[in-house]
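The values are calculated or read from the model by the stated rules, or taken from the named source; none is laboratory data. Just so it is clear, the model here is predicted, and its values are computed rather than measured. So basically every Cβ, Gly included, is an ideal-geometry build from the backbone, and we count neighbours across all protein chains shown.
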Amino acid sequence: MLPKSKKADTTTSVITNGTLNLLRFYDKREVNILSTAHDDTMVATGKTNPVTREPIVKLHAVADYNKFMGAVDRSDQMVSFNSFRRRTLKWWKKAFFHMFMLAVLNSYLLHKCSVAAAEALSHRLFRRDLAMQLVAWAPITMTCTIKDVGDTVILRLTARHFPSLIPAKDNSKIKNPQQNCIVCSEPNARKRTRYQCSSCEVGLCPDQCFELFHTRKDYRRCLKRKLTESPAPADSPIQG
């Protein structure tokens with residue numbers, strides 16, 4: 001570890017691996033710098049100590065940073081004024097929110113450049129209007145092509161549906177094509193049907209299967225419950 005610097009101590013501490021240098025310098029507060037282009041060379045700042053009248057010197061790396069990195073510090077400062085960054089263990093979340101805050105700041109600067117000074121919004125009002133536009137209502141285009149029949153498919157429970165015969169494919173020898181019913185067909189006991197839903201394009205028996213598929217989220221469980229609760233036919237023997 002590098003030794004602690006003291007305010008009265010004008011020397012610097014350096015650790016290097018031959019390519020990367022770690023520099024420690026004290027300038028109002030302790031400053032640590034990693035650089036591949038600087039060593040512990042000191043340069044004059046053009047200022048003098050008001051007490052000792054001696055010239056004030058700084059690390060060459062510090063002088064270059066102050067000369068070329070002022071815009072970066074200003075950008076970080078403006079972002080920090082309205083930061084919504086939260087502590088997280090995921091590094092990519094930190095990177096995402098930092099880039100998002102930079103995008104918001106850049107859009108505000110473009111807003112100020114595109115309107116007259118008297119019409120420009122304050123940073124706070126601009127961010128409020130931006131948030132309102134991001135959460136504003138927008139029309140949603142829904143498609144009727146439904147191949148996935150999982151629980152996430154809500155269209156089959158809300159849209160209008162009509163049964164139709166399964167159309168024969170072109171150049172097919174099968175005149176009356178059939179499909180497995182998606183409700184009552186089982187892997188080891190297939191139930192074939194000539195009917196389908198014209199919107200969902202899935203095979204469905206035209207009786208209770210069609211109704212269950214379009215009115216129940218868990219249609220398979222509802223079908224099993226109906227079959228379990230239905231009374232046995234009068235002419236069928238009841239096994240004890």
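The residues listed here are VAL51, VAL43, VAL62, VAL57; of these, the one that is outside any strand (DSSP E or B) and either over 46 Å from the mean Cα position of the chain (by Cα) or of a type in the set (Lys, Arg) (or both) is VAL51. In this structure, LEU105 qualifies as of a type in the set (A, V, I, L, M, F, W, C) and within 23 Å of the chain's Cα centre (by Cα). When region 182-219 is filtered for residues that are surrounded by 14 or more Cβ atoms within 10 Å (Cβ to Cβ) and assigned to a helix (DSSP H, G or I), the ones remaining, listed by number, are GLN208, CYS209, PHE210, GLU211, LEU212, PHE213, HIS214, TYR219.
In region 32-48, the residues that are in the same structural domain as GLY18 (by TED's automatic domain parsing) reach residues that are exposed (fewer than 11 other Cβ atoms within 10 Å of the Cβ) and in a loop (DSSP other than H, G, I, E, B) with C-beta atoms within less than 9 angstrom, at least six apart or across chains, in these pairs: LEU34/LEU20; SER35/LEU20; THR36/THR19; THR36/LEU20; THR48/GLU54.
For region 1-27, a residue qualifies if it is among the polar types (S, T, N, Q), surrounded by fewer than 17 Cβ atoms within 10 Å (Cβ to Cβ) and at pLDDT 85 or above, and the qualifying residues are ASN17, THR19. If the condition is being closer than 10 Å to THR12 by Cβ and either of a type in the set (A, V, I, L, M, F, W, C) or in contact with a Lys or Arg (Cβ under 7 Å, 6 or more places away or on another chain) (or both), then region 23-61 contributes LEU23, PHE25, TYR26, VAL31, ILE33, MET42, LEU59, ALA61.
Filter region 65-94 down to residues that are assigned to a helix (DSSP H, G or I) and of a type in the set (Lys, Arg) and give me whichever is farthest from VAL31 (Cα to Cα). Per the criteria, the residue is LYS93.
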